Amino acid sequence: MDAEAEGFAQFVEARERALQRTAHLLTGDWALAEDLVQTALARAWPRWERIMRRDDPEIYVRRVMVNTWATWSRRRWRGEKPSPALADHAAAGDLAEEVTARIELRGALASLTGRQRAVLVLRVYDDLSEAQVARVLNCAVGTVKATMSQALAKLRESPQLAGLVEQEVR
Amino acid sequence: MDRRLRDLLSAEAGDPPHQITVEAVRRRVARRRAREGAAVAAAALLAAGLGTALAAGAVGNPAAGPAKVTRPSTVYVLSSDGTLTPIPAATSRPGKPIPVGGEDQVMAITPDGKTIYVDGDGPNTVIPVSTVTDTAGKPIKVGRQATQILITPDGKTAYVLDAFGTITPIATATNTPGKPIKVGMTTGSSNQMAIMPDGKTLYVVSWTPSPLPSSSYVIPIATATNTPGKPIKIEGANSVEIVMNPDGRTAYVLGASRTGVKIIPIATATNTAGRPVSDGDAVGELAITPGGQILYIVGHGPLGVVPFATATNTPGKLIKVGGIADTIAVTPDGKTAYVSSQPPMTGEPNCAAQTGEVTPIPTATNVPGRPIRVGCVPFFLAITPDGKTVWVSSGNGKVTPISTATNTPGKPINIGGSITGIAVSP
């Protein structure tokens, strides 16, 4: 295996779980998340040497992932949204409050536009800076700020999430 | 950023049920590369003023098992340009393409060879194509995004599995869909359903993402009633593919885990999973010889193929082929396995500078023969029922016949688009 292929293999091994989690938050579906990450990695591989030279590879892969998801949302699964219904997780004891919040979160994520969802996930879950999110989405930092504000406003509509969001924007 | 919203998102993000391996990515790159290479070639031809567009290479499901020989074979080639092109094996001259629509397609042919079912234009339909008249019938509504079509040995039912874990049975006599069967999530691999030789039980690999950690199952479905039976739990691995031994006694599940690949035998008499056998580190493709003695695992390593002795449940020595192994087909007499492979991918597609191969492997010795050079991205393989010809998608929208008597390639036949599957009618 040459150095380039080895570098790609190491990247996949190190980051595939993190990428899948992000994809799961974007899609709300593990099968789609896996498909999305594989698609993004497959698009990155033939250009890996150039990506390594010119860009942060993870930023590049995440950019492909978000753009691909936007395309899929428009074309392949138009009109379908992740179900806000809770899967059959156990909701025992003091987990009930968190489960309720997750139900609300799932519904709220489903109500966001693709770009709002991407900004929220990349900014809050992946902890990227506004500048990094702007690079992923290929837009201005101001657009990231505005989109994040819109996303949080939608989350704030839920009483269960409002408290979290209020703390978020302080 | 406040931790509470992030924690809630983290909980919602969950834990991925499957590991994404470099091998899985590589297989996807192979599909992309075939198309991109074709596009490059087509653009070059157009730039050179050669007129009509050439097209892509590519992918799809390997052909189903051998069918009864009743008349001269016709090879059907599915293309991403939305056509199914018949090629009489006797003349190797392509006929008029049949419009079927669609892009990412799968197909299956009935045992009598009279009908081919193709997933249609849009994600929700399957199209029956009459091989008698070479015309497409009325689209049949099924679930979303078909990933495999399996036809029962008696030819009466076509089962269409979609990427979201729904199986739609289609009565082939009337081409009407029955009540969908839910089986949980599926993997998107080529062989997710397998059927008993008597057609009474259909097995499907499945997994459930919640509650975490995810669980993996094989679900038996009684074809008489189309009702799922008690799921067979697969411990320690996510089931990916399944193949049936032609003797009907055992189904073999390819399972992937973070520590490697496992083969799990399922006893069909009791519907119980046997002890998993660890075998390598890559998810490949499965094929079994007609006699059921050898299960071949492709993409192992991804250097070649591993023969798995079904009598003893033990993997044999790795059979290396040139480049990276992709798909496999076994001749109806069980004497030779053909494996397609292509050069390692380390850069942009370059069909002008690289050559793919098909390697014959005598099943008696498992010593690879001299590789047959075909096109740049060979992928799909289908063998005629008389065993005389292997058809392979060879990149740039072409298919190439290979004589099994001499293991030499014939003249490539231009189809166009990106080849997404090959089937042979009896």
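Odds and ends about this structure:
- Test: residue in the stretch A:17-32 that is surrounded by 20 or more Cβ atoms within 10 Å (Cβ to Cβ), among the hydroxyl-bearing types (S, T, Y) and within 8 Å of another protein chain (Cβ to nearest Cβ): yes
- Against the test of being surrounded by 15 or more Cβ atoms within 10 Å (Cβ to Cβ), modelled with pLDDT under 80 and at the interface with another protein chain (Cβ under 10 Å from one of its Cβ atoms), the options A:L164, A:L155 yield a single qualifying residue, A:L164.
- Test for B:A30: is it within 20 Å of A:L41 (Cβ to Cβ) and either out of contact with any Pro (no Cβ under 6 Å at 6 or more places or on another chain) or at pLDDT 50 or above (or both): yes
The values are calculated or read from the model by the stated rules, or taken from the named source; none is laboratory data. Note that the structure is a prediction, hence the values are computed from the model and not measured. Because the Cβ atoms are built from the backbone with ideal geometry, glycine has one as well, and the counts that use them run over all protein chains shown.
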